[in-house]
Each structure stands twice: as C-alpha cells, then as structure tokens.
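Quick notes on the structure that follows.
The values are calculated or read from the model by the stated rules, or taken from the named source; none is laboratory data. A quick note: this is a predicted structure, and the numbers were derived from the prediction, not measured. A quick note on method: Cβ atoms are made from the backbone with ideal geometry, for glycine too, and the neighbour counts reach across all protein chains shown. In case anyone asks, the SASA skips ligands and DNA or RNA and just uses the protein heavy atoms, side chains included. Shrake-Rupley method; radii C 1.70, N 1.55, O 1.52, S 1.80 Å.
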Amino acid sequence: MPLCLCEVIQLLAAAAALLLILLIVVAHVTAERMPNLHRFEEEKYFIASNGAKEPFPSIHDPHTKDLSVVVPSYNEEVRLPVMMDEAMAYLEKRQKARPSFSYEVIIVDDGSKDKTTEVALSYSKRYGSDKVRVLKLKKNRGKGGAVRMGVLVSRGKTILMADADGATKFEDVENVEAGLLNLKPWPDNMAISCGSRAHLEQDSIAKRSVFRTFLMYGFHFLVWFLCVRGVKDTQCGFKLFTREAALRTFTALHVDRWAFDVELLYIAQCLKIKVAEVAVNWTEIEGSKLVPFWSWLQMGRDLLFIRSRYLTGVWKLNTPEKVN
C-alpha cells in the first residue's frame, strides 16, 4: 500500500532526527576535550639575528610591541614575498613617520614542504629578528592551528592575523584599527575587528559557477543558523584582536582547520566580546589551498561539531593559566 504524503514527511522527519542524534553522539565521542596548545621543544625557539636560538615569549607576558602580525604559511615560497614586501614597506613607513610605533611580524611555517622557511628567514635577516620572527612547526596543524601558535608567542598590544597570499591590502590595517577603536569602551579590554569582503559579494558571484555560489550560500546559512550572527563574512583572513581578546579566544580554540574563524567568533560572542566588521580591499590570488567541494564539506561538518560540542558541554570556555 503506497504511503501518503503525510507519512512520507513523518518518515523523513524521523530520519532527520535520528541523523541529528547520531551526529551529536559522534561529535561528543570523537571530541578532544582540551584545545591543542602543546608545543614541540623546537617550536619554542626562533633564530635570532646572530644565528642563535632564543626562546619565544608568551602571550601571558605583558605586551612589548604596539602591533604583532601573525602570518600562517603553508607552501608559500612563491606568494609570501609579495605579501611581505607590501607589509614591511607599510610597517617601516609607519614607524619612520612615528618612531614610537613598534611592531613584529611572526611568520608561522605550518609544516611546509617547500622553501617557505628559507624565504621567511631571509626577511628576518634583512630586518632583524626583533621585527621578523619565524616559527617553524614540526608538523602541519592547519591554518587555525598555525595562527594560534603564532598568537601564543606574540608581543603586541594588538594582534593581527593576515594571510600569506596578500589578498587583502596591508594598509587596510588602519581600517580594522579604526573599527576596533570605535568599539570602545572595551569590557575587560577585549574586542575584535574583522576585515570583511561582504561588500564585494555580488561582484564575486558573477565570476563563480552556480555550484560554488550554492556552496557559499549554504555555508553562510549554516554559520548564521548554528554559530555566529551579526558578522556577514567570518572567513576573511584579516582580523585584529586586542591582546586580551586574543588570549581569551585562541586558548579556548579547538578547530585547527578552515572553520576556526567561526569558532573564534562563536567563542567571542559567548564571552560577550565586542566584534566589529569592517570593509577591506580584497583581490583573489591564484594558488588557494581551499578545494571548493571538499573544503566546504569539511567546514560544514566542523560547524555542526562546534555547535553540538559546546551545547553538550564536551567543549568549555576555559582559559588555561599557562600555555606549555
């Protein structure tokens, strides 16, 4: 006897409920309860200008620079020089105009198989290890893990994460700084300013396939429905944190790969940290590590896991007293 429409809908609803329960169980069982803050011994040191190994500082220490720039890099020997030339030209010009301004750039080599470390070290030699430091990770952690490791050894009063591809014009740091200042007063001195490409969305849609546009809108919906509201572009790799906000969010961060930005902002909203979204200039650069279908699929899974793991209490917003 054929099923009526009502019965079909009931079966589909039941199947969806069972799938959701199964997902929550899998998310709970497979979760690492604590963020991966462990550093291998060799990751605790950088090569100083004199060639000696010196220990990295800790984000738990008082700041000694105005701005830290953390650049996650995986197989970026070709694109990194373009980004670094632009960034260093801007930062040096800014320091020359105001000598009291101090900065550092931390290039995090996320287990690259090319000459990323050698390229990065060439900038450290040129500008000195007080301005450019290289953190070479023993193995690939993913972009989120690389940014976190860089943040944890930074010295800045404010900390900027910036992609190695140079897709965002570096001078737009002034725009995100203005966005941060507009959030004052900052409760507990915690605030985040996110660079955003949302104003460019219609132009980018015209250049994308229908399938990629569908994936993009699906991802945006999941972000809004499950985790973060009020931020249109969570994935732009140009975000500025006060030191206190960086400490609080990155030491609670679990996701190491593409969806880490969403968890960061989810944590920020849970902790009532103020967040600004600021338009920045952005150009798509060839050589992206993001594989459209599989990366979007992985991010969708991570979004579901983020929400379910926090809801079930397997992940908690605890900040460790010390990072090892």
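Couple of notes before you dig in:
- For the stretch 235-251, a tally of residues being surrounded by fewer than 24 Cβ atoms within 10 Å (Cβ to Cβ) and over 16 Å from Pro72 (Cβ atoms) returns 5.
- Qualifying residues in the stretch 96-130 (those that are surrounded by 20 or more Cβ atoms within 10 Å (Cβ to Cβ) and among the charged types (D, E, K, R)) - the one farthest from Asp256 (Cα to Cα): Glu104
- Within the stretch 269-287, restricting attention to residues that are open to solvent by 80 Å² or more (accessible area, probe 1.4 Å) and modelled with pLDDT under 75, the residue that is nearest to Arg197 (Cα to Cα) is Glu284.
- Wholly enclosed helices (runs of 4 or more DSSP H) of the stretch 83-191 bearing at least 2 residues more than 23 Å from Phe250 (Cα to Cα): 116-127
- Qualifying residue in the stretch 215-228 (condition: open to solvent by 10 Å² or more (accessible area, probe 1.4 Å), among the small types (Gly, Ala, Ser), in a helix (DSSP H, G or I) and modelled with pLDDT under 90): yes
- Comparison of Leu297, Leu265 shows that the only residue that is open to solvent by 20 Å² or more (accessible area, probe 1.4 Å) and either at pLDDT 95 or above or in a helix (DSSP H, G or I) (or both) is Leu297.
- Selection count, the stretch 54-81, where residues are open to solvent by less than 70 Å² (accessible area, probe 1.4 Å), in a loop (DSSP other than H, G, I, E, B) and among the polar types (S, T, N, Q): 2
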